[in-house]
1. Fewest first, what order do Ile241, Ile65 take by the number of other Cβ atoms within 10 Å?
2. Enter the Cα centre distance for the pair segment 88-134 and segment 182-202, rounded to the nearest angstrom.
3. Local charge sum around Phe151 (other residues, Cβ-Cβ under 14 Å, Lys/Arg +1, Asp/Glu -1)?
4. Could you calculate, for segment 35-122, the ratio of the Cα radius of gyration to the Kirkwood radius, expressed as Rg to Rh?
5. Once you have the Kirkwood Rh of segment 162-244 from its Cα pairs, apply Stokes-Einstein at 10 °C and 1.306 mPa s and quote D in µm²/s.
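Read the figures in this text as sums done on the coordinates, not as results from a lab. Quick caveat, the model's predicted, so the values are computed rather than measured. Positions of Cβ are backbone-derived with ideal geometry, glycine not excepted, and every protein chain shown enters the neighbour counts.
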Amino acid sequence: MDVKYHLSPLLLLASLSGGVLPNSAAIAQEQPQQARLNVTPLRLELPAGQAATQMLVRNQGEKQIAVQMRVFEWTQDGGENHYAPSRDVAVSPSIVKIEPGLAQSFHILSRGTPATSGERRFRVVLDEIPDSEPAAPGTARTRLRLTLPLFIGSNTAQAGRLQVAAQPGVLILANGGGRTIRLSDLQVTADGNPVPIDNYSMLQYIHGASWIAIPLPDGVACSGEVLRLSATADGGSFDEIASQDCP
């Protein structure tokens, strides 16, 4: 029996076996019409000095759902996301069944070295555990995998500082600060004309002292046109003309 993953809107599907999130195109294609689970909050924070927080998962479906919770350390290197199992954060309960219409509270506990300077990043992963009920003939059973960002000690890190630079075929978004920058609704224009950036316009995170790359169509960068990036950022909007590093 085949098992496929479905996504809940606003949450990212993590391909944990490869350690890299899939591109946004895969996410958009697999979003269901209606999520079976409702999760709050969508972003978890543990400021320095706070050891625990909570998240709530509500079963909006018509059947009992069993879920498993895991935590992965989240880093960025070479413009890509990487994940590794971590014991520095615990989730309780780790496996539980949620009845239809009911909600389950999960406790997120930091048990690593307390953050005194700098931000640590994790992904809390919720997997639906398949039940034993057989799938209908000719169909594939689907199950949910949801991931939520968890930031520890963000209040001890320097504010994020976004820098935008264009090179042939790519737009580099670099964070020169220490705190993760969250961007959404990204738009790129060249001399005021929209530039297609596929599904990179969706939610993007840029860790402190890290960068991500957005592919650009051939001939857009280094053509003499003014490239501008606008987006919704934490605390407001972002709008900046990209510097151009051209040969």
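1. In increasing order of surrounding Cβ atoms, one gets Ile241, Ile65.
2. 33
3. +1
4. 1.02
5. In µm²/s, the coefficient rounds to 126.
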